[in-house]
Amino acid sequence: MRPLTPRHVFTICLALCAVLFVAVVISLRVGAYPVSVRDIVMTLFNAALRRWSEIPPDFQSIVLNIRLPRILLGILVGASLSTAGAGFQALLRNPLADPYVLGVSSGAALGAILSLIAAPHAPGLIQAAAFAGAIATIAAVYFLGRRGGQLDSGTLLLAGIITASFLSAVIMFLMTTLPGRDVRGMAFWLMGDLSSPSTVDLKWLYFLLVIAVGSIYTTSSDLNLILTGEQEARHLGVNVHRVKLVVYVAASVLTGLAVSVSGAIGYVGLLVPHVIRMLFGTDYRLLIPASALGGAILVVVADTLARTVVAPTELPVGAMTAIAGAPVFIYLMRRRVR
Amino acid sequence: MSTPAQSGASLTSPARVTGGEGTPRVKVEQASYAYAATDRSAPKFTLGPASFEARQRELVAILGPNASGKSTLLMLLAGLAKPLSGRIEIDGTEVSKLDIRTRAQRIALVQQESELLFPLRVWEYVLQGRYPHGRRLRFESDEDCLLAGNALAQVGADAHRDRWMDQLSGGEKQRVILARALAQRPSLLLLDEPTQHLDIGGKVELLRRLRKLADENRYTVLVVTHELNLAAEFCDRIVLLHKGKCLRVGTPAEVYERDLLGEVFEAPLEVEMRPGGRPRVILRGSH
């Protein structure tokens with residue numbers, strides 16, 4: 001009997017941070033203009049010490065102004081989506097739950113697009129609208145997924161898939177009938193893409209990420225018990241209503257956050273928590289931070305591939321995550337059916 | 001009326017049968033409840049006022065046919081619903097007024113099945129029983145592991161500690177679910193039809209184990225069951241329910257009356273009194 005210890009959590013997270021660092025360095029290195037690892041490390045080191053004059057202008061432009069912001073965006077999006085996915089899977093008691101599959105990403109995308117149509121330049125409005133779209137969608141899917149007062153796994157998934165396809169159709173309708181609006185291309189919202197820089201300071205987005213992931217982490221012991229059923233969790237002393245409120249709101253914030261800067265990137269929230277479970281077990285006290293780091297690694301790697309495999313053309317990063325995620329979804333679904 | 005008889009073959013008697021001791025640990029006073037599909041619709045099921053007491057070291061069976069209100073009564077005892085009228089107390093405090101963690105420290109509920117979303121090892125599952133005793137986000141201590149290990153040993157499932165929950169047989173799983181409840185270190189142990197998926201050997205073993213737990217751990221154990229003879233053999237007290245009404249409370253000998261059981265279970269039943277004062281139910285004309 002070897003229960004999870006804080007040291008164990010810390011060690012695994014540190015190892016994942018190292019993997020993420022390697023992924024970041026590789027992502028900074030590859031591209032149309034290759035930069036050596038030594039130059040990358042020196043550029044990052046000088047930038048950290050604010051010695052701007054010692055950074056060559058080319059590196060400043062390519063490493064610090066083009067590649068690094070995109071990588072930081074990828075880390076934000078990956079960490080957000082995978083933490084939200086892990087949270088939804090426990091609350092909805094469905095291993096196939098993920099912001100994309102449940103339509104929550106589409107809801108957030110629709111909210112973001114409506115805010116762009118209504119007030120294209122209002123600061124922070126897009127994030128708020130994406131959050132509103134996310135939380136309205138998860139509420140709708142939750143109620144549509146109930147049968148006889150109980151959450152039904154199959155009905156919930158169908159409700160999510162139908163909601164996602166309906167919202168995607170609405171997004172397409174808006175994109176095609178409202179020409180000349182300040183929108184960044186249909187692929188951005190439907191497939192997910194990291195090529196457009198965020199209009200909001202990344203600091204604020206990271207602040208929200210830490211708050212939302214931290215909030216979900218405070219419920220991780222409770223989520224472990226909710227995995228055995230809400231009623232059982234209640235017997236064991238879990239305040240299920242409070243946990244649901246915290247996790248639904250925080251997961252919707254995370255989905256809104258990710259979608260507002262990258263569109264609807266699919267399967268990250270499905271793929272990452274399952275891989276982490278296979279590697280390190282199901283305990284949410286480890287799963288939440290490890291999923292956040294794992295999601296960051298996946299999106300950074302996927303985006304690096306998206307911008308290099310068919311260079312100079314770029315693929316949407318969502319296409320890369322879907323190529324990896326769809327087979328996993330089918331595998332999990334078949335395993336469940338059996 | 002019960003028919004005293006010199007019985008033939010019988011189940012092995014428990015090591016020791018006590019009649020409970022001290023002041024009542026659980027007091028149910030005129031507790032009632034009603035279910036409705038919606039807030040405005042008429043109740044679909046009503047549990048009429050029920051009253052009884054249970055002391056420490058007492059094993060109490062809640063008996064009755066299907067839809068008699070057994071599980072509803074158990075839900076009220078577990079504090080998962082508040083009685084519409086009356087009150088249910090544990091150690092002098094109303095159950096519905098206990099905060100959720102304190103309630104989980106005092107009352108453990110063992111349900112028929114535990115459906116896990118992701119695979120879990122037996123020891124991880126049993127450690128969940130320590131949750132009510134910890135702070136939020138707390139990692140389990142050595143003491144928690146010791147108590148979880150003791151709980152597994154008490155139910156004879158020590159050898160299974162490293163196995164996956166979904167690889168256990170029905171009887172093994174039932175014991176592990178019981179071990180998690182024991183790890184809670186409750187004073188009141190509630191079991192909802194624990195014998196449902198067990199063969200006769202498993203049923204006897206479980207009831208004997210509950211008897212022993214009540215005696216040795218000073219638990220008060222309330223068990224919902226359909227097993228009339230096992231309840232008569234092992235329990236100190238019987239609560240008989242029928243169509244949402246509490247018909248009779250007393251020792252097995254007081255409750256097991258031929259006409260009463262025949263009417264409640266709608267079957268031609270005969271009651272024999274065995275040596276030692278424990279009744280046995282048989283089908284009329286079956287001997």
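The values are calculated or read from the model by the stated rules, or taken from the named source; none is laboratory data. Bear in mind the structure is a predicted one, so any value in this text is a computation, not a measurement. Cβ placement follows ideal geometry from the backbone for every residue including glycine, while neighbour counts extend to all protein chains displayed.
Quick look at the values:
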| read-out | value |
| --- | --- |
| Single residue of region B:252-271 satisfying the filter (without any contact (Cβ under 8 Å) to a residue 24 or more places away in the chain and surrounded by fewer than 18 Cβ atoms within 10 Å (Cβ to Cβ)) that is nearest to B:ALA34 (Cα to Cα) | B:GLU263 |
| Hits in region A:77-134 (condition: buried (at least 24 other Cβ atoms within 10 Å of the Cβ) and of a type in the set (D, E, K, R)) | A:ASP98 |
| Among residues of region B:82-112, those that are loosely packed, with under 15 Cβ neighbours inside 10 Å and either among the hydrophobic types (A, V, I, L, M, F, W, C) or under 17 Å from the mean Cα position of the chain (by Cα) (or both), counted | 1 |
| Positions within region A:220-241 being in contact (Cβ under 8 Å) with a residue 24 or more places away in the chain and either within 8 Å of chain B (Cβ to nearest Cβ) or touching a Phe, Trp or Tyr at 6+ places or on another chain (Cβ under 7 Å) (or both), in sequence order | A:SER220, A:SER221, A:LEU223, A:ASN224, A:LEU227, A:GLY229 |
| Filtered residues of region A:57-106 (kept if under 30 Å from A:ALA233 (Cα atoms), away from every other protein chain (no Cβ under 14 Å) and part of a helix (DSSP H, G or I)) | A:GLY78, A:ALA79, A:SER80, A:LEU81, A:SER82, A:THR83, A:ALA84, A:VAL104, A:SER105 |
| Selection count where residues are aromatic (Phe, Trp, Tyr) and either crowded, with 24+ Cβ neighbours inside 10 Å or in contact with a His (Cβ under 8 Å, 6 or more places away or on another chain) (or both), scope region A:261-283 | 1 |
| Some residue of region A:70-90 being of a type in the set (S, T, N, Q), at pLDDT 90 or above, out of contact with any Leu (no Cβ under 6 Å at 6 or more places or on another chain) and within 17 Å of A:GLY192 (Cα to Cα) | yes |
| Any hit, region B:244-261, residues being in contact with a strand residue (DSSP E or B) (Cβ under 8 Å, 6 or more places away or on another chain) and closer than 24 Å to A:HIS235 by Cβ | yes |
| Filter result for the condition that a residue is touching a residue at least 40 places away in the same chain (Cβ under 8 Å), over 24 Å from A:LEU315 (Cβ atoms) and surrounded by 13 or more Cβ atoms within 10 Å (Cβ to Cβ), over A:LEU16, A:LEU44 | A:LEU16 |
| Qualifying residue in region B:197-213 (condition: within 14 Å of another protein chain (Cβ to nearest Cβ) and at pLDDT below 90) | no |
| Qualifying residues in region A:171-180 (those that are touching a helix residue (DSSP H, G or I) at 6+ places or on another chain (Cβ under 9 Å) and loosely packed, with under 15 Cβ neighbours inside 10 Å) - the one modelled with the lowest pLDDT | A:LEU178 |
| Those helices (runs of 4 or more DSSP H) lying entirely in region B:36-141 with at least 2 residues more than 7 Å from chain A (Cβ to nearest Cβ) and β-branched (Val, Ile, Thr) | B:122-127 |
